1. Could you list the residues of the stretch 1-19 with an amide nitrogen less than 15 Å from a label point located 7 Å from the Cα of Ala69 in the Cα-to-C-beta direction?
2. Can you compute the equivalent ellipsoid semi-axes for the stretch 1-62, i.e. the square root of 5 times each eigenvalue of the Cα gyration tensor, sorted largest first and rounded to whole Å?
3. Where the centre of each part is set by its Cα atoms, how far does the stretch 9-68 sit from the stretch 194-248, in angstrom?
4. Work through the residues other than Gly34 whose Cβ is under 14 Å from its Cβ and net out their charges, Lys, Arg +1 and Asp, Glu -1.
5. Quick one: net charge of Asp61's neighbours, Cβ under 13 Å, K/R +1, D/E -1?
6. Running Debye on the stretch 42-176 with equal point scatterers at the Cα sites and no solvent, what base-10 log of I(q)/I(0) appears at q = 0.17, 0.18 Å⁻¹?
7. Convex hull volume of the Cα atoms in the chain, per residue, in Å³?
8. Could you look at the chain and say what percent of its accessible area is carbon and sulfur, using a 1.4 Å probe and all protein chains?
Amino acid sequence: MLLHGTGMNGLNTWSTLAPALAAEGYCVFAPTYGAYPEAPGVGGVRKVVGDAADEVAAYVDEVRARTGAEQVDLVGHSLGAPVGAYVAKALRPGDIGTVVFIAGYWMRPGTSTVSNWPALRPLEKSGRLKDVIAAGPIRSGIDLVRPSPLIDAVWAGGTPYLEGVRYRTIASEFDEVFPPAIGFAGVDGGEDVIVQDGCDLSRSGHMTMPSDPRVVDLVLGALDPRSTRAPRCVPTDPMTGAQGMTPR
């Protein structure tokens, strides 16, 4: 099950990864969640806790019912990553087998969602950032700012990882939103992968990571730990994605 990020939807985020997974025999679901009724194609904008995350959890139930699967694997990009972590640990523990972060944010202590936006730091420090977010149409960010029931639930027990669930976080040095310095959880229990490790050609940015062939292979490897697939290394631009012909 693929979870898109803020302002996106299941089609425009996963047009590369979804068919790649299907070609490997996976049953793929890419819902648009957290959208307002008046703008159904713009997802990830409603509040997460008590709203969008409940929608995702209900979809997990539907997928399990339709497929007969005991567990569902979650792959989340940007906002979809912490949403997946929250669903796996707090809303549907035992129903999730693997959680894969792509350009996500683990919300670990000492990090901030506005780390890369200095202009917003005074608002966060003053405690007014949540009010500013709540006054706008993109309310999902409320739950990524402390204090937050989402952060508290994910980090309950001192770790964001739930025993029995496999976790892989895929980050890029060129991610202008959540680079590895704030994108990784920083505790034992999951696997952290930097896209550029072993591939200097990849310069994937925040929005191009889901379509990077190397990221696709890293996701496939996370979903099947027995895989010996060598991740591809192709030229990738932070803004335009993979350059030229892409080897299979």
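1. 1-4, 18-19
2. 22, 14, 8
3. With the stretch 9-68 and the stretch 194-248 each reduced to a Cα centre, they are spaced 22 Å.
4. Local net charge: -2.
5. Summing Lys and Arg as +1 and Asp and Glu as -1 gives -2.
6. Listed by q, the Debye log ratios stand at -0.94, -1.04.
7. 126 Å³
8. 55 percent
The values are calculated or read from the model by the stated rules, or taken from the named source; none is laboratory data. Note that this is a predicted model, so its numbers are computed, not measured. Counting neighbours? That spans all protein chains shown, and the Cβs are built from the backbone with ideal geometry, glycine included. These accessible areas exclude ligands, DNA and RNA; they are computed on the full protein's heavy atoms, side chains included. Shrake-Rupley method; radii C 1.70, N 1.55, O 1.52, S 1.80 Å.
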